[in-house]
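The values are calculated or read from the model by the stated rules, or taken from the named source; none is laboratory data. Source: prediction; values computed, not measured. A quick note on method: Cβ atoms are made from the backbone with ideal geometry, for glycine too, and the neighbour counts reach across all protein chains shown.
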Amino acid sequence: MADQMEFTTRELLEAQAHVWNLLLSYFKSMCLKSAVELGIADVLKKHGKPMELSDLMSTLSISPLRTDSFRRFMRTLTHMDLFAEKKLNDPDDHQVKYYLLTPSSHLLVSGETMNVIPFINLEVDPMMMGASQVIGSWFKSPKASPFELFHSKGLWEMTSERPELNKMMNEGMASGSRLVCDTVLMTCGHVFRGLKSLVDVGGGTGTMARAIARAFPEIKCTVLDLPHVVDSLKEEDSVVEYVGGDMFVSVPHANAVLLKWILHDWNDEECVKILRRCKEAIPIKDAGGKIIIIDMVVDATIDKHAVETQLYFDLLMMMLTTGKEREEI
């Protein structure tokens, strides 16, 4: 193995650039947060065509004194592929840079059904991000998670005690589910055919259950979640039924149970307990009983960016809960 003295100056300079890039990568999240706060995607969507910098700034009520700073900000956002830029000639035949939406920034348009703004707001909230400061020290701590080490309470305890965090959590999870719902129903809809009833275990505000019920009206869909999550929803929704309860204790009986983004919140032993309660709630396999699991599978893709996202989500689970994103084997 080569020791440090064998590295060339060029290699060390490249290494330093790499380390600095890693060090400053938090700007990606902060730039994303700022783009959402400013409403850049909303303005571009409403304008309906590529927009020049000065017009974009004017619509956003940004002072001309910030022109150079905002240009540099947009340069970073386009480098991140959050927005795109296009050079066109103005009436005087001068080349001018214009900005437009990309598929990524389309998800930041507040009026769009598939927008993920609530999920972004959840994950960049200081209460959530604060735990990332203690990951290193947590490895030598008896606490169950970095979140618990940082806040002295676990995530689920905090959400039950703080209505504002509970609301933010529910809205964030719902916004992150919409595109997944459509994808699952388009590509795996056969899984739900023939079912008479289904329980969405830990289903939050019922985004997935409602999508299934609308796609398959013959299925009676029930959402099981903690009382503080569903109590205010019981009288507001005629499409699905809401049941307050604890999945570690019992699950309502049905032909099938759905676990979407649930098992990754818990360690292996806790997952076994959840699955046992689910098994008790459904008929045997030969009688049509099903447990449907939707979760990320680490290393199930060769796409570098997708793998990186999977690894970050795995660390997010480690930071906030006792769970993890699991590999296929």
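Report every pair of residues separated by at least 6 positions or lying on different chains whose Cβ atoms are under 6 Å apart, first residue within segment 22-33 and within 12 Å of LEU82 (Cβ to Cβ), second of a type outside the set (A, V, I, L, M, F, W, C) and modelled with pLDDT under 95. Close Cβ pairs satisfying both conditions: none exist.
Pairing residues of segment 195-208 that are under 17 Å from SER238 (Cβ atoms) and assigned by TED's automatic domain parsing to the domain that holds LYS220 with residues that are among the acidic types (Asp, Glu) and outside any strand (DSSP E or B), at Cβ distances under 7 Å and at least 6 apart in sequence or on separate chains, gives GLY206/ASP237. Taken as a whole, the structure leaves VAL191 outside the set of residues that are within 18 Å of the chain's Cα centre (by Cα) and farther than 25 Å from MET127 by Cα.
Tell me whether segment 79-100 contains one or more residues that are within 25 Å of ALA174 (Cβ to Cβ) and in contact (Cβ under 8 Å) with a residue 60 or more places away in the chain. No: zero hits. Within segment 65-114, the residues that satisfy the criterion of being among the polar types (S, T, N, Q) and over 24 Å from the mean Cα position of the chain (by Cα) are THR67, SER69, ASN89, GLN95.
Among the residues of segment 131-186, those that are among the polar types (S, T, N, Q) and within 29 Å of ILE292 (Cα to Cα) comprise SER145, THR159, SER160, ASN166, ASN170, SER175, SER177, THR183.
Given the conditions (1) in contact with a strand residue (DSSP E or B) (Cβ under 8 Å, 6 or more places away or on another chain); (2) assigned to a helix (DSSP H, G or I), which single one is not true for LEU198? LEU198 satisfies all of (1) in contact with a strand residue (DSSP E or B) (Cβ under 8 Å, 6 or more places away or on another chain); (2) assigned to a helix (DSSP H, G or I) except (2).
A single member of CYS221, CYS278, CYS271 is within 25 Å of SER145 (Cα to Cα) and surrounded by 13 or more Cβ atoms within 10 Å (Cβ to Cβ), and it is CYS271.
Yes/no per residue for (1) more than 20 Å from PHE119 (Cα to Cα); (2) of a type in the set (D, E, K, R); (3) part of a strand (DSSP E or B); (4) touching a residue at least 60 places away in the same chain (Cβ under 8 Å):
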site	(1), (2), (3), (4)
ARG210	no, yes, no, no
ARG214	yes, yes, no, no
THR222	yes, no, yes, no
MET247	yes, no, no, no
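How about segment 249-285: which of its residues are under 25 Å from the mean Cα position of the chain (by Cα), part of a helix (DSSP H, G or I) and of a type in the set (D, E, K, R)? ASP265, ASP268, GLU269, GLU270 - these are the residues of segment 249-285 that are under 25 Å from the mean Cα position of the chain (by Cα), part of a helix (DSSP H, G or I) and of a type in the set (D, E, K, R). Got at least one residue in segment 153-164 being in a helix (DSSP H, G or I) and of a type in the set (S, T, N, Q)? Within segment 153-164, one or more residues are in a helix (DSSP H, G or I) and of a type in the set (S, T, N, Q). Of the residues making up segment 48-82, those that are over 18 Å from VAL36 (Cβ atoms) and buried (at least 16 other Cβ atoms within 10 Å of the Cβ) are PRO50, LEU53.
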